[in-house]
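Report on the following structure.
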Amino acid sequence: MQRLVDNALAVSKESVKTISYESMQIVVRIINGLSALLLTLLPGKASMLEGMQGWELRPTFSGPRFPKWMEHGVSSFNEFIHDLSIDLDDSSSLDYSSAEDDLDEDTCHSPSSQGSRMSRASSYSRNRRHKTTWTALIISWLLIPVKLLLALLSYLFFFPFTRKQGPTAKSKAQMSPHVNSLKKIQTLRDQFIQRATDRRRGVIEDIQLGLEIFIEAIFDVFHKAAQYLFSPSDAINAIRGWFSPRNASCQDGGVMSDQSVAMSKLGENDPSLAEGSHSFSNTLNTDARTCRDVITELGYPHEAIKVATDDGYMLLLERIPRREARKAVFFQHGVLDSSMGWISNGVVGSPAFAAYDQGYDVYLGNFRGLVSREHVDKGISSMEYWKYSINEHGTMDVPAMIEKIHDIKTSELKLSSPGIEEECDDDQPYKLCAVTHSLGGAAMLMYVITCRMEGKPHRLSRLILLSPAGFHGDSTIVFTLVERTLLLLAPILAPLVPAFYIPTRFFRMLVNKLARDFHNNPAVGGLVQTLMGYVVGGDSSNWVGVLGLPHYNMNDMPGVSFNVALHLAQMKRTGRFRMFDYGSPSANTEIYGTPEPPDLGELYDLINIPVDLVAGRKDKVIRPSMVRKHYKLMKEAGVDVSYNEFEYAHLDFTFSHREELLAYVMSRLLLVSPSTNRRPGLRNLKSGRKERTRADHAR
């Protein structure tokens with residue numbers, strides 16, 4: 001009778017899972033198909049989808065097939081639970097290699113069927129010895145979730161109790177087997193979490209896995225009730241266990257002892273499963289890697305340097321260090337970006353790694369404007385934190401980071417070469433170049449000009465500006481509408497909307513997961529890509545792909561201050577590259593000493609270093625005509641400036657692997673030679689030779 005009930009429950013459970021899974025897949029296919037249909041009707045989609053290379057935008061309709069998650073006659077959840085168990089007779093080690101996502105499949109995989117798989121040879125051979133039918137195999141798998149449930153319940157009942165105890169040395173010795181068993185149970189729980197979160201999932205995959213777990217839990221309740229109904233002794237033992245938790249591990253029919261042995265083998269065979277060796281900080285399966293994680297994973301050194309600005313903001317300056325190098329490069333990102341943009345293409349296609357491989361000491365700057373709101377004042381309000389414009393980027397953030405670089409390089413080179421202060425014509429024993437993108441270019445130009453106005457050294461030897469901001473008169477109708485809205489409603493919006501960012505971890509996580517779903521469902525992703533391209537005037541950058549990058553994760557995300565957006569709108573309205581307009585002549589006079597904000601374009605004659613300007617022909621955010629305006633004004637001001645264009649969209653300068661761009665940037669960097677070594681007293685020796693030559697001529 002027990003076997004008949006188990007068979008009925010197993011068939012019913014798998015039927016419900018099949019119906020729920022296939023229903024979800026039908027809904028997804030309908031959405032994907034409608035998106036593909038709508039995508040065919042939208043104009044100009046071809047250029048906008050260039051960043052989505054390799055996507056099959058036409059839906060593939062296939063006949064009914066056996067569900068992917070029913071492979072080997074079991075559901076993916078049962079397979080998932082089996083991955084956590086180990087046969088008592090199996091002493092082989094576990095294989096934790098993760099399989100890559102198979103994006104070429106017509107159907108969407110179940111979350112667990114795409115994850116890491118363990119070796120199952122031993123348990124399969126045992127099942128073949130005892131049960132040969134498909135139904136019997138399901139029943140044998142059903143016991144594993146029950147064992148896991150009992151193990152977790154025992155952990156919840158026992159472990160808090162043992163932690164509250166203050167055992168003496170003697171009692172510790174008496175309880176050591178029990179404590180070890182509980183530790184193994186905890187390790188089982190941790191491994192369960194790890195196996196559930198070992199790969200990044202989208203929202204659809206989360207829903208599918210959640211449905212499987214929910215259905216499994218419901219049918220486990222019915223299975224448990226049937227087991228207790230047909231086996232009263234099990235029910236009595238369970239009730240006794242509830243009232244005598246100290247002995248529950250010995251009264252559970254051997255279940256707990258089985259788990260103890262199994263977990264002992266897990267710990268012995270894989271040292272990485274030792275207690276405390278796992279960190280489950282990313283339990284919702286989003287890519288939460290930091291810039292440090294990416295750099296170190298690729299085998300490069302990394303340093304994180306905290307920098308405080310004069311107005312109290314805490315910035316993160318990241319470094320790929322070459323301490324002995326006399327040539328350094330400073331990378332500065334643009335709006336809604338971070339230092340991650342310079343390393344996002346891996347070893348081969350990232351400017352930061354290319355510069356390091358060429359012998360540069362690499363620094364990656366980060367502007368203020370992360371939702372973590374790091375500030376000297378820990379209690380600073382959101383309104384106060386976001387109260388800044390591009391002025392603060394150029395006159396506070398960049399100076400603080402470059403001065404920090406100067407202090408670091410000077411002290412390190414003096415330690416490595418004690419007489420270095422006498423080897424150079426000035427107090428800077430290294431050469432520093434800056435590579436910027438978009439808003440970073442405008443901030444860097446502002447920094448150089450204001451330093452020259454104040455008579456301060458800017459420490460830079462060359463500027464390489466990739467699609468720099470500053471002039472925005474030639475832009476799309478969408479940007480024009482945004483500009484007029486911001487300027488018109490600024491007095492109303494400024495007190496209400498301090499910045500544009502995603503405020504909660506849940507919605508940031510949702511954006512990151514949706515980016516995964518857009519990639520798994522090409523028609524939907526293509527539609528979103530096209531619509532986002534329309535918003536930015538037809539720019540063909542891979543906007544969907546960028547949303548899936550680690551710096552758009554649930555823990556932190558860049559934001560845009562309202563005053564930064566307003567500052568850009570002011571530049572577009574006036575057609576000039578100006579500093580922030582505070583709204584009245586008196587306010588401007590108090591800040592600048594003049595009723596009007598300084599026009600930086602009229603001060604390009606203060607730039608005393610070479611500048612390389614790069615524009616993208618497909619860039620609709622900052623069009624080539626606006627970059628050429630920088631070039632024209634610099635040329636007229638006598639600046640040593642060059643101009644180049646590439647067939648790129650706006651984000652291609654950082655988020656795409658472009659070999660010709662890397663080659664160009666490196667060629668410009670190499671034009672700046674590091675400080676040459678000269679012996680102390682060489683300058684005096686040369687001057688003495690000149691004096692003797694003059695004396696000879698006089699005679």
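Quick note: the coordinates plus some simple rules give every number you see, no bench work behind them. Predicted model, so just to flag it, every value in this text is computed and none were measured. Positions of Cβ are backbone-derived with ideal geometry, glycine not excepted, and every protein chain shown enters the neighbour counts.
Computed quantities for the displayed model
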item: Built amide H within the under 5 Å cut-off of Arg462, gap 5+; result: Ala434
item: Cα gyration tensor, the stretch 560-659 - rounded (a/c under 1.5), prolate or oblate; result: oblate
item: Test item: Cα-centred dipole of the stretch 561-661, Lys/Arg +1 and Asp/Glu -1 on Cβ, debye; result: 460 debye
item: Sequence-separation-based contact order of the stretch 300-419, relative, with Cα cut under 8 Å and 6+ spacing, percent; result: 30 percent
item: For the stretch 488-645, size of Cβ-based charge dipole, Lys and Arg +1, Asp and Glu -1, in debye; result: 640 debye
item: Phi-based couplings in Hz for the stretch 605-620 (Karplus 6.51, -1.76, 1.60; Gly and Pro marked x); result: 5, 7, 6, 10, 10, x, 10, 10, 9, 10, 10, x, 5, 9, 6, 9
item: Shape category assigned to the stretch 457-500 from the gyration tensor of Cα positions, a/c cut at 1.5; result: oblate
item: Sparsely packed trypsin sites (Lys or Arg not before Pro) within the stretch 327-412, loop by DSSP, other Cβ within 10 Å at most 15; result: Lys378
item: Cut-off under 5 Å, modelled amide H: who pairs with Ser540 long-range; result: Lys620, His650
item: Segment Met383-Arg292, extension gain: residue separation times 0.36 nm, minus the distance between their alpha carbons; result: 29.8 nm
item: Prolate/oblate/rounded label for the stretch 439-593 (Cα gyration tensor, a/c 1.5); result: prolate
item: Euclidean distance of C-alpha centroids, the stretch 442-505 and the stretch 532-587, integer Å; result: 7 Å
item: Ordering of 555-566, 448-459, 314-325, 480-491 by packing [mean C-beta count within 10 Å, highest first]; result: 555-566, 314-325, 448-459, 480-491
item: Derived scalar couplings ³J(HN,Hα) [the stretch 644-650; Karplus, 6.51 cos²θ - 1.76 cosθ + 1.60; whole Hz; x for Gly, Pro]; result: 8, 10, 10, 7, 10, 8, 5
item: Which of Gly365, Ser381, Met446, positive extreme of dipole for the stretch 341-462 (C-beta unit charges); result: Ser381
item: Charge dipole (the stretch 394-506, unit charges on Cβ, about Cα centre) - positive-most of Ser411, Pro399, Ala469; result: Ala469
item: For Ala308, residues with placed amide H under 5 Å, excluding near neighbours; result: Leu315
item: Listed residue (Leu315, Gly299, Val335) projecting farthest to the positive dipole end of the stretch 292-345, Cβ model; result: Gly299
item: Student exercise, the stretch 285-359 dipole from Lys, Arg, Asp, Glu Cβ charges, in Debye to nearest 20; result: 300 debye
item: Karplus-derived 3J(HN,Hα), 6.51/-1.76/1.60, for each residue of the stretch 550-563, Hz, glycine and proline x; result: x, 7, 10, 9, 6, 7, 7, 7, x, x, 10, 4, 4, 5
item: Contour minus Cα-Cα distance for Val221 and Asp640 (0.36 nm per residue); result: 143.1 nm
